[in-house]
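J.: Would you mind keeping the following structure in view while I ask a few things?
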Amino acid sequence: MNESVLMTKKLYLNDPYLQNCSAEIVEQTQVHSKPGIILDQTVFFPASGGQPHDTGWVNGVEVIDVLEVQNQQIVHLLEKPLIGSQVVCGISWEMRRRPTAASLGRWLSCGKT
């Protein structure tokens with residue numbers, strides 16, 4: 001991967017309820033023989049701290065994994081390659097909501113209010 005690419009803007013940090021966005025592909029790559037893309041911004045949360053990665057689609061293509069690499073770029077692994085540079089992304093809200101609600105429940109049950 002290109003180390004000179006700027007880090008991906010993580011839209012979910014400012015708005016955890018944001019479910020879709022438009023973005024620009026800044027790099028195409030392959031990870032474990034799967035096509036991957038790095039976007040200038042994303043709503044997709046990578047797996048971290050025991051919470052699973054978001055699922056969803058980019059231009060109608062299924063996102064099968066979301067990774068954060070060392071240089072703070074988010075790599076979206078796709079079911080098939082994309083053509084073009086402008087994309088629309090959308091997450092599966094139901095899949096994000098479940099772990100978030102469970103995490104909140106565990107946090108509250110520990111008396112962290």
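The values are calculated or read from the model by the stated rules, or taken from the named source; none is laboratory data. What you see is a predicted model; the values in this text were computed from it and never measured. Glycine gets a Cβ as well: all are built from the backbone with ideal geometry, and neighbour counts include every protein chain shown.
J.: Of all strands (runs of 3 or more DSSP E) completely enclosed by the range 1-82, which ones contain at least 3 residues that are under 19 Å from Trp93 (Cβ atoms) and among the aliphatic types (A, V, I, L, M)?
T.: Filter on the range 1-82 gives 61-68.
J.: If a residue has to be in contact (Cβ under 8 Å) with a residue 40 or more places away in the chain and under 11 Å from the mean Cα position of the chain (by Cα) to count, how many in the range 22-56 make the cut?
T.: Residues meeting the conditions: 9.
J.: Which condition number in (1) modelled with pLDDT under 95; (2) surrounded by 14 or more Cβ atoms within 10 Å (Cβ to Cβ); (3) under 14 Å from the mean Cα position of the chain (by Cα) is the one that Gln72 fails?
T.: With respect to (1) modelled with pLDDT under 95; (2) surrounded by 14 or more Cβ atoms within 10 Å (Cβ to Cβ); (3) under 14 Å from the mean Cα position of the chain (by Cα), Gln72 is out only on (2).
J.: Another question, then. Tally up the residues in the range 32-46 that are out of contact with any Phe, Trp or Tyr (no Cβ under 6 Å at 6 or more places or on another chain) and under 19 Å from Lys9 (Cβ atoms), please.
T.: Result for the range 32-46: 9.
J.: Only one of (1) among the charged types (D, E, K, R); (2) over 10 Å from the mean Cα position of the chain (by Cα); (3) modelled with pLDDT of 95 or more is not met by Glu94, so which one is it?
T.: So the condition that Glu94 fails would be (3).
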